[in-house]
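A.B. asks: Below you'll find the structure I mean.
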Amino acid sequence: MIYFDNSATTAIYPQVLDTYVKTSQRIIGNPSSLHDLGTQAGRLLEKAREQIAELMHVKTSEIFFTSGGTEGDNWVLKGTALEKKQFGRHIIISNVEHPAVSETAEQLAENGFELSIAPVDENGRVKVDELAKLIRKDTILVSVMAVNNEVGTIQPIQEISECLEAYPTIHFHVDAVQAIGKVNQEQWLTDRVDFATFSAHKFHGPRGVGFIYWKHGRKLEPLLNGGGQEMNHRSGTENVAGIVSMAKALRLYMDKRNEKPEHTAIIRRYLLEALQEYSNVAIFSKDTTAFAPHILCFALKGVRGEVLVHALEEKQIYTSTTSACSSRKKIASSTLHAMKVPDSLATSAIRVSLDESNTIAEAEQFMIIFNQLYKKFSILN
């Protein structure tokens, strides 16, 4: 079995699973309880927060736990909207954002807020000069992802940060789910970034848990109200086992953080160069430092993406389509559409996403199978 779908989710590290199970069995107290069992759970929770903050080089008080990337994105966007609505109702996002951002922004637009969309170039990179033109006196939020989840484009967060230096009251949010441990943190967690979103299952942690970075001094309304957990900002009984194991996963994932991207880049380059030899293959992810080292998006012309994905699956090779799948609505919202890729080609796109566990031998086997499928589909076409 070859697993090339790591941007969708990663396999939990065995050590992390062990931590999850042991914590679930041994730590039965609610962190909010007054007795010793609650205190014990609370200490573990805060230790995990400290570990994550240390790995991220931020303050412990700037880490808040969530159920994952979707909640984090919703919290920052809606929390900003509620907190700053008396100062303005204008929000800016790019046209290649994850649905957790784009659909949340659209929901806000349906409820009295104004939404502007910053365009991207042919590589899916946000045009900073065009984004700058969209800023108004009533702009309260700019949200741009760090790494695009479909084609792997690294967004110009540093340039956007420089642009926003002149607008200190605007919240700047970065969805960093696909960036952590894969792209140098200095490229996407600048001093001007106010909020960043993360999800544990993208770095070999458990599903259903994540965290946000919330810069000290910024204000955000709660998304969830109730018992006042997370310093009264995010109510709900904490997932102690998930949070503790997430901290361990991040520590393990950040070990050799420079070597892992280099490893996936070598495999990605091998696949990219091999695929370039096929006349009916269109490659959307370039072999440059402007793209993340773990994502490769391409299309086999004339073959729908889901057809190729299932054909590979029959050979126990697991990939995924991008957001540009069957329905016309999804095509219109996809990164490839924003990059001006024709719909007829966008529907043929698939995504290979790599991890440090993948090998060149797997890439070679992938190309053997792909060559067989290429010949088969050429005959059928």
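Throughout, read-outs are computed from the coordinates displayed, never taken from laboratory work. All figures in this text were calculated on a predicted structure; none of them were measured in a lab. Glycine also receives a Cβ, built like all others from the backbone with ideal geometry; neighbour counts cover every protein chain displayed.
A.B. asks: Please list, by residue number, every one of the GluC sites (Glu not before Pro) in segment 93-198 that is coil in DSSP and has at most 12 other beta-carbon atoms within 10 Å.
C.D. replies: Listed in order of number, the matching sites are Glu110, Glu122, Glu165.
A.B. asks: If you find the alpha carbon centre of segment 49-96 and of segment 344-381, how far apart are they in angstrom?
C.D. replies: When both Cα centres are located, 37 Å separates them.
A.B. asks: If r is the Cβ-Cβ distance from Glu50 to Asp191 and R0 is 25 Å, what FRET efficiency results, to the nearest 0.05?
C.D. replies: On the way: r = 22 Å, r/R0 = 0.87.
It comes out at approximately 0.70.
A.B. asks: Tell me, in nm to one decimal, what length is gained between Met254 and Ala290 on full extension, where the rule is 0.36 nm per residue of separation less the Cα-Cα distance? List each step's numbers first, then the result.
C.D. replies: On the way: separation 36, 0.36 × 36 = 12.96 nm, distance 2.15 nm.
The Met254-Ala290 span can extend by a further 10.8 nm.
A.B. asks: OK, next. Roughly speaking, what is the stretch gain from Gln86 to Glu122, that is 0.36 nm per residue apart minus the C-alpha to C-alpha distance, in nm to one decimal?
C.D. replies: This chain segment gains 9.2 nm when fully extended.
A.B. asks: May I pose another question? Could you compute how fast the chain diffuses translationally, taking Rh as the Kirkwood radius over C-alpha pairs and applying Stokes-Einstein at 37 °C with viscosity 0.692 mPa s? Give it in µm² per second.
C.D. replies: For the chosen part, D equals 152 µm²/s.
A.B. asks: Could I ask something else about it? According to a simple spin-label model (label point 7 Å from Cα along Cα-to-Cβ), what is the distance in nm between Asn280 and Lys376?
C.D. replies: Distance between label points: 1.3 nm.
A.B. asks: Roughly speaking, what is the centre-to-centre gap between segment 258-272 and segment 1-29 when only Cα atoms are used, to the nearest Å?
C.D. replies: Distance between centres, Cα-based: 24 Å.
A.B. asks: Please report the relative contact order for segment 21-176, taking Cα pairs under 8 Å with a sequence separation of at least 6, and give it as a percent rounded to a whole number.
C.D. replies: Answer for segment 21-176 is 17 percent.
A.B. asks: Calculated FRET efficiency, Ile368 and Ser344, Cβ-Cβ r, R0 30 Å, to nearest 0.05?
C.D. replies: FRET efficiency, Ile368 to Ser344: 0.60.
A.B. asks: How much FRET efficiency would the formula 1/(1 + (r/R0)^6) give for Gln107 and Val21, where r is the Cβ-Cβ distance and R0 is 56 Å, rounded to 0.05?
C.D. replies: Given R0 = 56 Å and the Cβ-Cβ separation, E is 0.90.
A.B. asks: What is the ratio of the Cα radius of gyration of segment 1-68 to 2.2 N^0.38 Å, with N the residue count, to two decimals? List each step's numbers first, then the result.
C.D. replies: Details: Rg = 15.2 Å, N = 68, 2.2 N^0.38 = 10.9 Å.
Against the empirical 2.2 N^0.38 Å value, I get 1.39 for segment 1-68.
A.B. asks: Relative contact order for the chain using alpha-carbon pairs under 8 Å, separation at least 6, rounded to a whole percent?
C.D. replies: 21
A.B. asks: Shifting gears a bit: May I ask you to list the residues of segment 363-381 whose amide nitrogen lies under 14 Å from a point 7 Å from Cα along the Cα→beta-carbon direction of Lys301?
C.D. replies: 378, 381
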